Amino acid sequence: MVHDEGARDLVDPFGRVVRDLRISVTDRCNFRCPYCMPAEVYGERYRFLPKPEILTFEEIERLARICVERFGFDGIRLTGGEPTMRAHIATLVE
Ligand code: SF4
């Protein structure tokens, strides 16, 4: 990934340089791993984020470009929830 000369490292509280930007594309997931989505919280009555509160593809791309220019990440990871739950995710990856 190309970044400008003025990019500076993003360092976490433990002094580690953050190399990858992780962007959550959805809060939804069908796997329901108990440590991540315990049944007592994510039961049938749980309401996931409404669509207007989810970043659009345009917003994700803009955010990614700004972060790469500023911090010079080596890569971007799309995460969730489960990223394949997001409609048309292949379009975003392209
Ligand atoms: S987001 Fe990941 S860890 Fe959480 S329930 Fe889904 S697959 Fe499991």
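The values are calculated or read from the model by the stated rules, or taken from the named source; none is laboratory data. Just so it is clear, the model here is predicted, and its values are computed rather than measured. Methodologically, a virtual Cβ is constructed for each residue, glycine included, from the backbone with ideal geometry; neighbour enumeration extends over all protein chains shown. Each accessible area value is taken on the protein alone, full model and side chains, heavy atoms only, with ligands, DNA and RNA left out. Shrake-Rupley method; radii C 1.70, N 1.55, O 1.52, S 1.80 Å.
For the reader, a short list of remarks on this structure follows.
- Subset of the range 9-19 [surrounded by 10 or more Cβ atoms within 10 Å (Cβ to Cβ) and either in contact with a strand residue (DSSP E or B) (Cβ under 8 Å, 6 or more places away or on another chain) or acidic (Asp, Glu) (or both)]: ASP9, LEU10, VAL11, VAL17, VAL18, ARG19
- Looking only at the range 83-94, and only at residues there that are within 16 Å of the ligand (Cβ to nearest atom), of a type outside the set (A, V, I, L, M, F, W, C) and assigned to a helix (DSSP H, G or I), the one that is farthest from ASP12 (Cα to Cα): THR84
- Residue within the range 56-70 that is closer than 16 Å to LEU92 by Cα, in contact with a strand residue (DSSP E or B) (Cβ under 8 Å, 6 or more places away or on another chain) and assigned to a loop (DSSP other than H, G, I, E, B) present: no
- Within the range 36-47, the set of residues being loosely packed, with under 10 Cβ neighbours inside 10 Å and either near the ligand (Cβ under 9 Å from one of its atoms) or touching a residue at least 12 places away in the same chain (Cβ under 8 Å) (or both) is empty.
- Options GLY15, GLY81: the member that is under 18 Å from the mean Cα position of the chain (by Cα) and on the phi > 0 side of the Ramachandran plot: GLY81
- Hey, ARG47 part of a loop (DSSP other than H, G, I, E, B) and charged (D, E, K, R) or not: yes
- Residues of the range 57-82 classified as open to solvent by 60 Å² or more (accessible area, probe 1.4 Å), away from the ligand (no atom under 16 Å from the Cβ) and of a type outside the set (A, V, I, L, M, F, W, C), total: 8
- Within the range 23-35, the set of residues being near the ligand (Cβ under 8 Å from one of its atoms), open to solvent by 50 Å² or more (accessible area, probe 1.4 Å) and closer than 28 Å to GLU58 by Cα comprises ASN30, PHE31.
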